[in-house]
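Comments concern the structure below.
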Amino acid sequence: MSRLLLVCLSAFVFCLVSCTDKDKIPKGVLPKEKMQKVLWDMIQAERFRETFIKDSSQDLKAETFKLYAQVFEIHKVTKDEFVKSYKFYMSRPDIARDMFDSLATQANRRREELYKAKPLDTAQVKQPPVDTAKTVQPQPLQPVLPPVPNPNIRSKKLPLRKLKSDTLLKLRQ
C-alpha cells in the first residue's frame with residue numbers, strides 16, 4: 001500500500017514539474033525584451049568607449065563601468081537586477097540564444113542601413129539650366145575599313161571581267 005502511495009505521489013510530482021511553463025521568468029529578473037534592450041545599449045556603450053576613449057591615462061575599465069551606469073540609469077535598472085537577470089539568462093541557453101540571435105539580427109540590420117546607398121533626392125538638388133545651343137552633337141560614324149591584306153600571303157586575283165559578270169548576275173537575281 002505504501003509503495004502504491006509512493007508511486008502515485010511521484011507521478012503527481014513529476015506531472016506537476018513537467019507541466020510548468022519553461023519560459024516563465026522568475027520574479028526579480030528583467031523580462032526578455034527589456035534585457036535585450038539593456039544588452040544592446042551596453043554593447044553600444046562598449047563600442048563607444050573603444051572608438052572614442054583612447055587616452056591611456058584614463059582607466060578604461062572604470063570608463064566602461066561609468067557608461068554601463070548610464071545605461072542602467074536610462075533603463076531604470078539597478079546593477080544587481082541586471083546581474084541577477086544576466087545569470088538567469090546564461091543558465092537558460094535556449095532563451096539566451098534567442099536573445100543573442102535577435103541582437104545579432106538587429107546589428108546586421110543597422111549595419112545594412114548604415115552602408116546602404118541612399119537615393120539622391122532630386123527635388124532638393126538644383127540642376128543648372130540646359131543650354132540647347134551648347135549641347136553636344138553625336139559624332140558621325142566612322143566608316144569601316146576593309147582588312148589590310150597580309151603581304152606574306154598570296155591571294156588569287158580574279159579577272160576583272162569575271163568579277164563584273166558575277167556581280168551583275170547577283171544583281172539581277
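Could you identify the single residue in Ala11, Ala96, Ala69, Ala104 that is modelled with pLDDT under 90 and not basic (Lys, Arg)? Give the derivation first.
Numbers: Ala96 fails: modelled with pLDDT under 90; Ala69 fails: modelled with pLDDT under 90; Ala104 fails: modelled with pLDDT under 90.
Unique residue meeting the criteria: Ala11.
Any residue in the range 90-100 that is within 15 Å of Ala45 (Cβ to Cβ) and among the hydrophobic types (A, V, I, L, M, F, W, C)? Working first, answer last.
Step one: filter the range 90-100 for residues within 15 Å of Ala45 (Cβ to Cβ), giving none.
No.
Can you tell me how many residues in the range 22-57 are over 19 Å from Asp94 (Cα atoms), surrounded by 10 or more Cβ atoms within 10 Å (Cβ to Cβ) and polar (S, T, N, Q)?
Result for the range 22-57: 1.
Quick one: how many residues across the range 58-74 are of a type in the set (Val, Ile, Thr) and surrounded by 14 or more Cβ atoms within 10 Å (Cβ to Cβ)?
Count: 2.
Which residues, counting only those in the range 43-98, are among the hydroxyl-bearing types (Ser, Thr, Tyr) and either touching a Leu at 6+ places or on another chain (Cβ under 7 Å) or under 30 Å from Ile25 (Cα atoms) (or both)? Steps first, answer last, please.
From the range 43-98, those among the hydroxyl-bearing types (Ser, Thr, Tyr) are 51, 56-57, 64, 68, 78, 85-86, 89, 91; that's our starting set.
If the condition is that a residue be among the hydroxyl-bearing types (Ser, Thr, Tyr) and either touching a Leu at 6+ places or on another chain (Cβ under 7 Å) or under 30 Å from Ile25 (Cα atoms) (or both), then Thr64, Tyr68, Thr78, Ser85, Tyr86, Tyr89, Ser91 are the ones that fit.
The values are calculated or read from the model by the stated rules, or taken from the named source; none is laboratory data. Note that the coordinates shown come from a computational prediction; the quantities given were computed from them, not determined experimentally. Every residue, glycine as well, gets a Cβ built from its backbone with ideal geometry; the counts of neighbours run over all protein chains shown.
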